[in-house]
1. Of everything in the range 96-142, what is assigned to a loop (DSSP other than H, G, I, E, B), modelled with pLDDT under 95, of a type outside the set (Gly, Ala, Ser) and farther than 30 Å from Ser54 by Cα? Give them in sequence order.
2. Can you tell me how many residues within the range 143-174 are modelled with pLDDT of 95 or more, of a type in the set (Ser, Thr, Tyr) and assigned to a strand (DSSP E or B)?
3. Residue pairs, Cβ under 6 Å, 6 or more apart or interchain, first in the range 118-129 and touching a residue at least 60 places away in the same chain (Cβ under 8 Å) and surrounded by fewer than 17 Cβ atoms within 10 Å (Cβ to Cβ), second in a loop (DSSP other than H, G, I, E, B) and not polar (S, T, N, Q). List them.
4. Within the range 175-218, restricting attention to residues that are among the basic types (Lys, Arg) and modelled with pLDDT of 95 or more, which residue is farthest from Thr39 (Cα to Cα)?
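The values are calculated or read from the model by the stated rules, or taken from the named source; none is laboratory data. Values in this document were obtained by computation on a predicted structure and should not be read as measured data. Ideal geometry is used to build each Cβ from the backbone, glycine not excepted, and the neighbour counts take in all protein chains shown.
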Amino acid sequence: MNIRKVVYWSVDEMGKLVVFSLLFLASLSFASTVEEKFTKEEGSVTLDLRPAPSVPIIIIQWKFKDSILAEWVKGVLPLTHNREHIKLDIVSGRLAMEKMTKAEEGVYSVEVNNNVQHVAYSVLVIKDVPKPVILFSPLAGSHESDTFIMTCGGDTTGAEPVTYRWKTGDGEWKESGKVIAITKKEHGHVKNFICKMKNPVSEEVSEPIPNILYKKEEPARLIVGIIVVLLVAAAAAAGIGSFWAWKNHKLPCVKRITV
């Protein structure tokens with residue numbers, strides 16, 4: 001009975017030890033930071049030690065996923081690069097990579113002086129954004145609608161993450177979504193719109209597109225305005241002419257009296 005109790009206690013304690021070990025490893029994993037780095041096809045990217053080393057580097061090893069990418073051990077192992085178009089600086093620990101491809105996308109980690117650095121890098125190879133085109137569509141399904149939807153359109157496959165900005169007439173750029181709504185009441189005075197697509201490696205701007213809800217001045221109102229202006233001008237001219245004639249004794253119906 002006592003033996004069984006001892007065995008049972010040992011198994012239980014072993015289970016606790018395993019659980020504690022797993023939790024400890026998990027805490028180490030969560031303590032690490034993975035920072036995203038973006039580049040384009042055939043582009044370049046630089047990975048730095050974070051934080052910068054406070055003592056001289058004597059051992060350094062960069063890994064791509066689980067494979068050793070570059071390493072150096074002072075006085076023991078010469079600087080070794082296991083991939084083309086990369087360069088390791090053994091003083092700063094910086095890893096520079098050029099002519100990146102989609103196959104080289106993934107997590108890069110580094111160990112310095114036998115210590116795994118807390119900051120790793122997730123390198124993402126993305127495409128340039130396309131030149132956007134603005135598309136209009138009526139909210140109510142009718143071109144007589146007072147509300148329209150504008151879309152900053154373009155194929156962004158492989159170019160994410162993409163952000164969108166809009167420019168209203170001569171206004172400032174404002175960050176917004178891919179789709180925005182415009183109304184005749186709020187935007188009827190705006191002549192055109194422009195949108196911009198941007199991702200970490202590129203940006204493109206659309207051509208200005210006329211506002212489908214732009215309120216043009218009605219011809220009848222314009223004609224009335226012109227007539228009013230002409231009448232005011234004629235009245236002013238007549239008044240000036242009468243005053244000039246009176247001043248120069250040329251009005252037949254007016255007799256000036258001199259004392």
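1. Once the filter is applied, which keeps residues that are assigned to a loop (DSSP other than H, G, I, E, B), modelled with pLDDT under 95, of a type outside the set (Gly, Ala, Ser) and farther than 30 Å from Ser54 by Cα, the range 96-142 yields only Leu139.
2. Result for the range 143-174: 3.
3. Close Cβ pairs satisfying both conditions: Val119/Arg50.
4. Across the range 175-218, the extreme among qualifying residues is Lys178.
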